[in-house]
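K.L.:
So that we are looking at the same thing, I have put the structure below in structure tokens.
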Amino acid sequence: MSTFRAPMSYDNGQIQIRMYRLEDAAVATEAISESYEHLRPWMPWARPDQTQEHTEAFLRQAIANHLLGTDFTLSVWDGEEFIGATGFHLRVGPIEWKCAEIGMWIASRHAGKGLGTLALQAMLEWGFGEWGWERLIWKCDSKNLASARTAEKAGMTREATFRSDALGVDGNRRNTHQYALLKTEFLAKFLSQTRQESER
Ligand SMILES: CC(C)(COP(=O)(O)OP(=O)(O)OC[C@H]1O[C@@H](n2cnc3c(N)ncnc32)[C@H](O)[C@@H]1OP(=O)(O)O)[C@@H](O)C(=O)NCCC(=O)NCCS
């Protein structure tokens, strides 16, 4: 069993990210249901008939995974308002490799307002800080322009486009962009920003 103690919550003053709680099932169900058309093209798990029971079963598993250190799905908040979900997923290798994939969805009523970019920037700050990741990646269907742009705006580098490497939600073959940021790059950027601010 992993001895990794996963951080629980992060607040950078602009956005709040934390481990799910069972009592989040109602707001998460509502957000998923009303966002179905927005999520359907990209998220294979999206369903038009999401119930609170489905969400609660998912949350139980997500909380257990978080505590066991096997996967980290997180909720995103703007103050008291649930706006979506994100996560550090161990899809690259074991936790000792310190590499994770960030996933994300923002509820349709909050999408397109800059919150996805803020949430990804917060995940990078928290991820390279308290979590101690060395490399964070972001993958998306090459047709998912909002997702690709969000990664670029948060400062991640497109490393590759894998051709015909997966099936899209529609069952057709898709290409996948892979973006990444290294802790060393993040810290260099952060230090140069701090230096510029102190010189102003
Ligand atoms: C992808 C997603 C997380 C981005 O979050 P968001 O809050 O909508 O993104 P932002 O408002 O921060 O916008 C980021 C950039 O994407 C652009 N963008 C947003 N929606 C877009 C769209 N439908 N087409 C093209 N660009 C789009 C924005 O204009 C912005 O770029 P700009 O500042 O250069 O104009 C969100 O749209 C979402 O949940 N989509 C459905 C699920 C999904 O695709 N998740 C990612 C799977 S890899």
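K.L.:
Which members of segment 126-147 meet the condition of being within 14 Å of the ligand (Cβ to nearest atom) and in contact with an Asp or Glu (Cβ under 9 Å, 6 or more places away or on another chain)? Give the steps one after another, and end with the answer.
P.N.:
Of segment 126-147, the ones within 14 Å of the ligand (Cβ to nearest atom) are 136-147.
Passing the criteria: 136, 137, 138, 139, 147.
K.L.:
Give just the number: which of (1) touching a Leu at 6+ places or on another chain (Cβ under 8 Å); (2) over 20 Å from residue 144 (Cβ atoms) does residue 4 not satisfy?
P.N.:
That leaves (1) as the condition not met.
K.L.:
Can you tell me how many residues within segment 73-84 are farther than 26 Å from residue 3 by Cβ and either in a strand (DSSP E or B) or acidic (Asp, Glu) (or both)?
P.N.:
So in segment 73-84, the residues farther than 26 Å from residue 3 by Cβ come out as 76-84.
Narrowing further to those that are either in a strand (DSSP E or B) or acidic (Asp, Glu) (or both): 76-78, 80-84.
The total comes to 8.
K.L.:
I need a count of the residues in segment 24-72 that are in a helix (DSSP H, G or I) and of a type outside the set (Asp, Glu).
P.N.:
26
K.L.:
Is it the case, given these coordinates, that residue 153 is among the basic types (Lys, Arg), under 16 Å from the mean Cα position of the chain (by Cα) and surrounded by 13 or more Cβ atoms within 10 Å (Cβ to Cβ)?
P.N.:
Yes.
K.L.:
Can you name the condition, by its number, that residue 80 falls short on among (1) charged (D, E, K, R); (2) within 15 Å of the ligand (Cβ to nearest atom); (3) farther than 28 Å from residue 175 by Cα; (4) without any contact (Cβ under 8 Å) to a residue 12 or more places away in the chain?
P.N.:
(2)
K.L.:
Identify, please: which residue in segment 100-125 is more than 14 Å from the chain's Cα centre (by Cα) and more than 6 Å from the ligand (Cβ to nearest atom) and is, among those, farthest from residue 180 (Cα to Cα)?
P.N.:
Here the answer is 109.
K.L.:
Could I ask something else about it? Pick from segment 9-48 the residues that are out of contact with any helix residue (DSSP H, G or I) (no Cβ under 8 Å at 6 or more places or on another chain) and farther than 21 Å from residue 146 by Cα: which of them is surrounded by the most Cβ atoms within 10 Å (Cβ to Cβ)?
P.N.:
The selected residue is 16.
Listed here are the residues, each with its yes/no results for (1) modelled with pLDDT under 95; (2) within 28 Å of residue 179 (Cα to Cα); (3) not hydroxyl-bearing (Ser, Thr, Tyr).
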{"residue": "5", "(1), (2), (3)": "yes, yes, yes"}
{"residue": "13", "(1), (2), (3)": "no, yes, yes"}
{"residue": "23", "(1), (2), (3)": "no, no, yes"}
{"residue": "32", "(1), (2), (3)": "no, yes, yes"}
{"residue": "37", "(1), (2), (3)": "no, yes, yes"}
{"residue": "83", "(1), (2), (3)": "no, yes, yes"}
{"residue": "86", "(1), (2), (3)": "no, yes, no"}
{"residue": "90", "(1), (2), (3)": "no, yes, yes"}
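K.L.:
Take residue 72 and decide whether it is away from the ligand (no atom under 16 Å from the Cβ), within 15 Å of the chain's Cα centre (by Cα) and modelled with pLDDT of 95 or more.
P.N.:
On the way: away from the ligand (no atom under 16 Å from the Cβ): yes; within 15 Å of the chain's Cα centre (by Cα): yes; modelled with pLDDT of 95 or more: yes.
Considered against the rule, which asks whether it is away from the ligand (no atom under 16 Å from the Cβ), within 15 Å of the chain's Cα centre (by Cα) and modelled with pLDDT of 95 or more, residue 72 comes out as yes.
K.L.:
While we're on this one: Working only within segment 57-69, note down all residues that are touching a residue at least 24 places away in the same chain (Cβ under 8 Å) and surrounded by 17 or more Cβ atoms within 10 Å (Cβ to Cβ). Steps first, answer last, please.
P.N.:
Start the filter on segment 57-69 by keeping residues that are touching a residue at least 24 places away in the same chain (Cβ under 8 Å), which leaves 59-60, 62-63, 66-69.
Result: 59, 62, 66.
The values are calculated or read from the model by the stated rules, or taken from the named source; none is laboratory data. Please read all numbers here as calculations on a predicted model, not as lab measurements. With ideal geometry, Cβ positions are generated from the backbone for all residues, glycine too; neighbour counts draw on all protein chains shown.
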